[in-house]
Amino acid sequence: MATDNRINFWRRNPKVPGSVQPVYGAQHPPLDPRLRRTYPKDTKPKFNNLKSKKACSFHEFACSTNDAWDIDDEEDENFCGTPFPASFAPSVEDTTASVHNQKLRHQKGDTESALPHSLTPPRNERHGLQKDNPSECERVNGKFVKSSSDADLNTSSVRSPLQKQQSLPVRPIIPLVARISDQNASGAPPMTVREKSRLDKFKQLLASPNTDLEELRKHSWSGIPREVRPITWRLLSGYLPANKERRELVLKRKREEYFGFIEQYYHSRTDEHYKDTYRQIHIDIPRTNPLIPLFQQPAVQEVFERILFIWAIRHPASGYVQGINDLVTPFFVVFLSEFVTEDVENFDVAALPLETQRNIEADSFWCMSKLLDGIQDNYTFAQPGIQNKVKALEELVSRIDADIHNHFKKYEVEYLQFAFRWMNNLLMRELPLRCTIRLWDTYQAEAEGFSHFHLYVCAAFLMEWRKEILCMADFQSLLMLLQNLPTIHWGNEEVGLLLAEAYRLKYMFADAPSHYKR
């Protein structure tokens, strides 16, 4: 009982260093114990305290802090995959009082609270820690400023009261985070003359009696038009044959086969042998893209549970591993878009005919299975595929940019601490879903796109943040940056440039990770 009281005290008391405030709707991957945000005793965490002494390496950081973070799966499930309860929604009276108080503060010249909390733009997580030396560069609101006073001026007016009280920085929540549309972030028109010409070319290839898959891959590398993406993905993944006449028969047979698995195996999810697998899947599903309403629908979550459970029991060498749940989402969204003309992220899947829902589910299962067949060593015991890829990335970066590589060594940053997630989730936690879909257009067009070309994409992605990385002069800030890269406003244009750089790296340094290639 005494132990339980101590644990609850550390968890719930906001005045105790290391206590955690639940952040509803946020998605937190498992953290290395060395990266937990903790503070010395009798020290109030202040992220904008420029006079505080910061540890320059992991060793100094670990010696100056005490660990007081103990959260189990059940609590994590409660605050990571659950939207804000209705009781947290502001009432009409609260809103009126807030506006009235806002006017009073404005008259008194209180610039720090000049915006209502509901309209206050969120800050990026990694801006919470300021540098000791005012002359060092800092990244604030997407811009570099030279002095700490400039940083305070730029951030003080956009800091909400809730964020000041949090022991952990809050992931920014803005409408763009839930946008699945593949339109460019710059707001360019969705269909240009060039894009229409490309669409006509795709339709011509797909309409031929025997689709030329090599030609299809060539055109798909630079992106697939939304209108033909579902059929193109089915073909490039190997789910459908190139022969047009055989496609309907293959689709019918594979869909019936999948639902045969459901009837045969799904009831065993409560058996002693499989209940742990099903429990982990059931916990992870609500955490999958928690800010996108589509994936919080019960009908969609049930679809994902069936897909993941059937895949797990049919692949006992790996079973279900956390991260595989993310790999279903691009296929599901793409195949759903075939029947939806409005915004996919807000569409009610239950409104579709049952037969259509079943077809989307079966196609998502088979295409995900085809993808995982090529990278299954990422998820077998000890995950050797990921270990090898992280080593290959380290060697590749050491050849591409020695400054970044030596910077990581100087501050004791291990590649495994940030690149493991890049390999395990194929950058899905680092990029908005719309960017992942565009990225996978190219991966499916590339030979060994998911297993080999992804390595060069990760290297190019790291180089994208070279300036910001070299500005970080301590272990903690580097890890905060690498785990919270600000890609929320990325669109097709940014992904296209990233892929072009990855293609260049592949042909300049193709021999670097050759002995790691699988």
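Applying 1/(1 + (r/R0)^6) with R0 = 60 Å to the Cβ-Cβ distance of residue 381 and residue 210, what FRET efficiency is obtained, to the nearest 0.05?
It comes out at approximately 0.90.
What number comes out for the charge environment of residue 331, summing +1 per Lys or Arg and -1 per Asp or Glu over other residues with Cβ under 13 Å away?
Surrounding charge for residue 331 is -2.
How much net charge surrounds residue 200 when only other residues with a Cβ under 13 Å from its Cβ are counted (Lys, Arg +1; Asp, Glu -1)?
Net of charged neighbours comes to +3.
Leaving out ligands and nucleic acids, note down the accessible area per residue over region 293-450 with a 1.4 angstrom probe, in whole Å².
Accessible area per residue, region 293-450: 33 Å².
Which order do the peptides 467-475, 326-334, 231-239 take when ranked by the mean count of other beta-carbon atoms within 10 Å per residue, highest first?
326-334, 231-239, 467-475
For a quick protection proxy, order the peptides 417-429, 216-228 by their average other-Cβ count within 10 Å, most packed first.
Highest-to-lowest ranking by the protection proxy: 417-429, 216-228.
Ignoring ligands, DNA and RNA, what percent of the 1.4 Å accessible area of region 265-314 is carbon and sulfur?
Of the solvent-accessible surface of region 265-314, carbon and sulfur hold 48 percent.
Taking the Cβ of residue 444 as the centre, find all other residues whose Cβ is under 12 Å away and add up their charges (Lys, Arg: +1; Asp, Glu: -1).
+2
Using only Cα atoms, what Kirkwood radius does region 436-518 have, in angstroms?
When all Cα pairs of region 436-518 are included, the Kirkwood radius is 14.0 Å.
By how many nm would the segment from residue 447 to residue 507 lengthen if fully extended, with 0.36 nm per residue of separation less the alpha-carbon distance?
Gain in length upon complete extension: 20.2 nm.
Would you please put 345-351, 358-364, 407-413 in order of how densely packed they are, using the mean number of other Cβ atoms within 10 angstrom per residue and starting with the highest?
Ranking the peptides 345-351, 358-364, 407-413 by packing returns 358-364, 407-413, 345-351.
The values are calculated or read from the model by the stated rules, or taken from the named source; none is laboratory data. Everything numeric here is computed off the predicted structure, so don't read it as measured data. Heads up, the Cβs are rebuilt from the backbone with ideal geometry, glycines too, and the neighbour counts pull from every protein chain shown. Quick note on the areas: whole protein, heavy atoms, side chains included, nothing else; ligands and nucleic acids left out. Shrake-Rupley method; radii C 1.70, N 1.55, O 1.52, S 1.80 Å.
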